[in-house]
Structures are given as C-alpha cells and as structure tokens.
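Quick note: the coordinates plus some simple rules give every number you see, no bench work behind them. Values in this document were obtained by computation on a predicted structure and should not be read as measured data. All Cβ positions, even for glycine, are placed from backbone atoms using ideal geometry, and neighbour counts span all protein chains on display.
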Amino acid sequence: MTIEKYTPEHRKQVIAVWEKSVRATHHFLSAAEIDYYKSIVESIDFSDFQVYCLTDNNTVAGFIGLSEQKIEMLFLAPEHTRKGLGNKLMTFAIGELNANEVDVNEENKSACKFYLKSGFTVYGREEKDNEGKDHPILKMRLQTT
C-alpha cells in the first residue's frame, strides 16, 4: 500500500470508501442520515484541501483529508480495517503534514479510541455536529510532550 496525493481520478473511489466505511462504522446514524451526509460528501471538491489516498494497484483502500493542520476525514474501506492502515495514514498526517487537531463523532467509539491511542486528547465538546444534528462532536488536539 502506498500513500499518494489525491487526484480527480480517485474521486469515485474516495466517495465509495467513505460510504462503505460510514455504513460499517457509524451505527448511530440512520440510513436517511447517511444518505444526507453522502450528498454533502459528493459536493466536496477534494482538491480544495490536502487529501491523500492509501492505494494498492490503483485501488483506494482509504484516505485522509486535512485543512491546514486539522484532520477533516479519515476513512478506510471495511475490508482494510484492523491491518494497521489507519495508523499508517495517521503517522503520515502527523509526521509529514503536521496534523494536530481532529473532530470526531462522540458516538463513534472506535474512532474515539483510535484518536486517543494516536496521542490526541479531548479539549472540547459540541452538542451538535456541523449540520446541526444531535450527534455530539469531540474536539481533540495532539498531545505534545
């Protein structure tokens, strides 16, 4: 697996990975909510911020997107989880892109654990997500030594 800068050729695969990942991990969302968020994701111009894809033979297995130093998205296709690939993307983001913040759905317990294990700590909490829906968001920063 290699990490490469996003290109428009990755777009369909990135959206497909996002949807498969969310359907497999975001059990707190209804199907209608997932469809709603998917419409938002489909409207994103991924070239507007730093997006890197984890690929194997031109197949996107996962991706990470940052705006400045904040991780805005990190998703892996379900068949590629629990193989250290999330850690690979995180190590790249912290080491190469100086990532130091992330917002995560509080209800996504596995993602919360992942970010905590990666060295992030909670510094704030929002009752609603960016769309005003009742899905609390934890604001996290990379703990510095």
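In table form, for the structure just shown:
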read-out: Where a residue in the stretch 9-28 is within 16 Å of residue 52 (Cα to Cα) and its partner, wherever it lies, is of a type outside the set (Lys, Arg) and part of a helix (DSSP H, G or I), with Cβ under 8 Å and at least six apart; value: 10/46; 11/46; 14/46; 15/41; 15/42; 18/41
read-out: Strands (runs of 3 or more DSSP E) within the stretch 78-145 that include 2 or more residues in contact with a Ser or Thr (Cβ under 9 Å, 6 or more places away or on another chain); value: 137-142
read-out: Identity of the residue in the stretch 54-64, touching a residue at least 12 places away in the same chain (Cβ under 8 Å) and more than 11 Å from the chain's Cα centre (by Cα), that ends up surrounded by the fewest Cβ atoms within 10 Å (Cβ to Cβ); value: 56
read-out: Set 43, 67, 39: member being under 21 Å from residue 139 (Cα atoms) and free of Cβ contacts under 8 Å to residues at least 24 places away in the same chain; value: 67
read-out: Evaluation of residue 100 against (1) within 18 Å of residue 18 (Cα to Cα); (2) buried (at least 16 other Cβ atoms within 10 Å of the Cβ); (3) not aliphatic (A, V, I, L, M) (one fails), failing number; value: (1)
read-out: Tabulated pairs, the stretch 77-95, first surrounded by fewer than 17 Cβ atoms within 10 Å (Cβ to Cβ), second of a type in the set (Val, Ile, Thr) and not in a helix (DSSP H, G or I), C-beta under 7 angstrom, 6+ apart or interchain; value: 92/3
read-out: Some residue of the stretch 19-36 being more than 14 Å from the chain's Cα centre (by Cα), surrounded by fewer than 13 Cβ atoms within 10 Å (Cβ to Cβ), under 23 Å from residue 132 (Cα atoms) and among the acidic types (Asp, Glu); value: yes
